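The values are calculated or read from the model by the stated rules, or taken from the named source; none is laboratory data. Predicted model only: the values in this text are computed from it and were never measured. Counting neighbours? That spans all protein chains shown, and the Cβs are built from the backbone with ideal geometry, glycine included. When the accessible area is computed, the model is the full protein with side chains, heavy atoms only, and any ligands, DNA or RNA have been set aside. Shrake-Rupley method; radii C 1.70, N 1.55, O 1.52, S 1.80 Å.
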Amino acid sequence: MHRRGFLAAGLAAVLASPRALAQMKMDGMSNMDSMPGMDMGGHAGHDMGAMGQGPAALPEGEALRELPLLANEAGQTGLFKARLTAGPATARFVADKDTPILAYNGTSPGPLIEAYEGDRVEITFANRIEGEPSTIHWHGMPVPADQDGNPMDPVAAGADRAYAFELPEGSAGSYWYHPHPHGKTAEQVYRGLAGAFVVKAKADPVPAEYGDTVLMFTDLRLAADGSMPANTMNDVMNGRVGDHVLVNGQKNPRLAVAMGAKRRLRLYNATNARFLRLAFANAAMTVIGSDGGLLEAPVAVDEILLSPAERVELVVAFDKPGAATLTTLDYDRGWMGPGRPADAGLTLLTVDVSDTPAEAMPPLPERLRPIAPLGAPTVSRRLVFTETMAMNATGMEMGFLINGKAFDMQRVDIVAKAGETELWEIVNHADMDHPFHVHGTQFQVIEHERDGKISNPPCLAWKDTVNVARGETVRLITRQERPGPRMYHCHILEHEQLGMMGVVDVKV
Ligand SMILES: [Cu+2]
């Protein structure tokens with residue numbers, strides 16, 4: 001039987017048999033019993049059938065909120081010192097309904113951290129999430145392994161811990177922070193724990209007149225009572241996709257600019273599992289940066305695919321008066337079972353471009369910064385993604401695997417040497433796209449191979465997350481400079497939680 005048929009048949013068996021469902025051996029499934037009617041859906045279409053109503057309507061068109069800045073408590077230059085408290089909070093997405101969420105310092109997305117290359121960062125993390133361990137993972141940042149919020153270093157509920165690291169010269173880029181505790185990452189993130197961490201360059205080639213705005217995309221699903229429903233089976237298999245894509249916590253907010261203005265926008269996909277293929281109507285997009293900072297030179301594009309956890313830095317030119325909208329296009333990333341979300345045609349942001357011309361803006365430089373190729377690898381490794389779903393004597397077993405194995409915290413999967421350049425070949429033999437992320441470093445993608453055809457990225461770029469489409473092989477060059485254990489995993493957080501993760505132990 002073809003694999004897709006096999007998976008669909010397996011799913012049908014689960015749907016037909018609550019007993020098999022109850023026996024599924026999965027992490028994080030303990031809340032299945034309390035789910036009304038064993039709702040398999042979770043996306044709008046299914047909720048409508050199961051609950052007699054569609055997703056809540058959210059207000060649109062409010063002025064775009066800038067993310068609140070995390071205040072630097074250090075009274076000296078070169079040091080960023082602050083406190084981040086994760087804990088329960090309340091948000092109001094729809095009128096008259098309070099939504100219990102998790103938040104950093106009371107806000108979701110969390111406060112924006114802005115620091116400079118060369119700074120030392122000291123952040124005390126206070127875990128006030130009731131009954132759950134947590135960590136802060138500094139996604140994409142070159143921090144020591146023992147400061148990187150690995151699942152092996154949990155911060156117990158009620159406890160505090162200090163994270164400290166230096167931001168090396170040349171590390172300017174669009175990073176983020178989120179929890180990474182064992183078995184709880186997906187839930188803590190969709191409940192609201194994620195924030196942006198922008199490392200600024202001391203000398204930035206992008207004109208200051210363009211501004212610098214973070215747009216953090218998150219995904220929200222609300223039940224009729226305003227609460228966030230727990231993950232369903234569908235969510236666990238495909239990754240949780242909500243009913244609303246929010247920008248800085250708002251649905252389709254508005255931004256006003258003058259005609260002819262150019263704006264620097266940092267787009268973050270902080271959703272658990274939603275792929276965002278984006279286009280700007282009535283505005284011209286130029287990519288200037290990737291996950292790990294500026295490209296060598298700007299690249300004009302018509303659209304962008306931002307898979308979960310990826311970031312892109314854009315300069316957008318608003319040369320036509322009227323509305324310029326940032327909208328989603330259809331993208332098939334592979335979906336198991338019913339409820340594939342209707343992803344196309346969502347308006348995420350509306351920019352009102354005035355008739356009055358902006359003051360003349362300086363042009364974007366033709367060269368942004370040099371990026372040295374990582375060079376010839378001395379070691380090569382191959383990681384193969386598979387999905388398994390099978391009936392056995394005790395029920396259904398499902399796995400998202402790397403090289404046939406599910407994550408085991410006690411196991412080291414790869415031993416690497418600090419400073420050594422490696423070729424990693426990521427092979428996706430699964431039926432879904434899986435965005436691949438490695439902690440602790442930035443890598444360079446050299447090629448994508450699909451159906452025997454090889455394509456190369458348009459330019460060198462620093463990345464920490466790359467989508468590996470189904471049937472595709474991605475080759476990347478990577479080097480870990482600092483010793484210690486590092487995670488690599490699929491950034492569909494439900495897949496990471498179901499086993500699609502491994503440990504590379506970097507030795508001196
Ligand atoms: Cu995945």
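To check you understand DSSP bridge types, tell me what percent of the beta bridges within the chain (both residues inside) are antiparallel, rounded to 5.
Just about 75 percent of them are antiparallel.
Share of the chain's accessible area from carbon and sulfur, percent, 1.4 Å?
The computed percentage sits at 53.
Taking 0.36 nm per intervening residue step and subtracting the Cα-Cα distance, what contour gain separates Leu329 from Ala300 on full extension?
Numbers: separation 29, 0.36 × 29 = 10.44 nm, distance 1.80 nm.
Result for the pair: 8.6 nm of gain on full extension.
Please list, in chain and number order, the residues 5+ apart from Glu420 or on another chain whose amide H is under 5 Å from its amide H, with Hs placed from the backbone.
Correct list: Gln480.
Could you pull the Rg and Dmax for the chain, using just the Cα atoms, both in Å?
Taking only Cα atoms of the chain, I get Rg and Dmax of 22.1, 71 Å.
State log₁₀ I(q)/I(0) for region 179-237 at q = 0.17, 0.18 Å⁻¹ as given by the Debye formula over alpha-carbon point scatterers of equal weight, solvent excluded.
Here the Debye-derived log intensity ratios amount to -0.75, -0.80.
Using a Förster distance of 51 Å, how high is the FRET efficiency between Lys200 and Ser227, based on the Cβ-Cβ distance and rounded to 0.05?
Calculated transfer efficiency: 0.85.
Would you tell me the accessible area of Lys184, worked out with a 1.4 angstrom probe on the heavy atoms of the protein chains, in Å² to the nearest 10?
60
Using a 1.4 angstrom probe and counting only protein chains, how large is the accessible area of Met152 in Å², to 10?
Surface accessible to solvent at Met152 totals approximately 60 Å².
Give the distance, in whole Å, between the Cα centre of region 138-182 and the Cα centre of region 213-228.
Value for the Cα centre distance between the two parts: 24 Å.
I'd like to know which of Ala223, Ala194, Pro205 lies farthest towards the positive end of the charge dipole of region 181-251, counting +1 on Cβ of Lys and Arg and -1 on Cβ of Asp and Glu.
Selected residue: Ala194.
Calculated from DSSP H runs of 4 or more alone, at -39500 (n - 2.57) each and per residue, what is the 222 nm mean residue ellipticity of the chain, nearest 500?
-2000 deg cm²/dmol
Picking from Thr356, Met501, Asn272, whose Cα lies most toward the positive end of the charge dipole for the chain (charges on Cβ: Lys, Arg +1; Asp, Glu -1)?
Highest projection toward the positive end goes to Met501.
Using alpha carbons only, how many angstrom separate the centre of region 299-358 from the centre of region 238-293?
Rounded to whole Å, the Cα centres lie 6 Å apart.
To the nearest 10 Å², what's His448's accessible area with a 1.4 Å probe?
My reading of the accessible area for His448 is about 40 Å².
With label points built 7 Å along Cα→Cβ from the Cα atoms of Asp96 and His182, find their separation and express it in nm.
4.6
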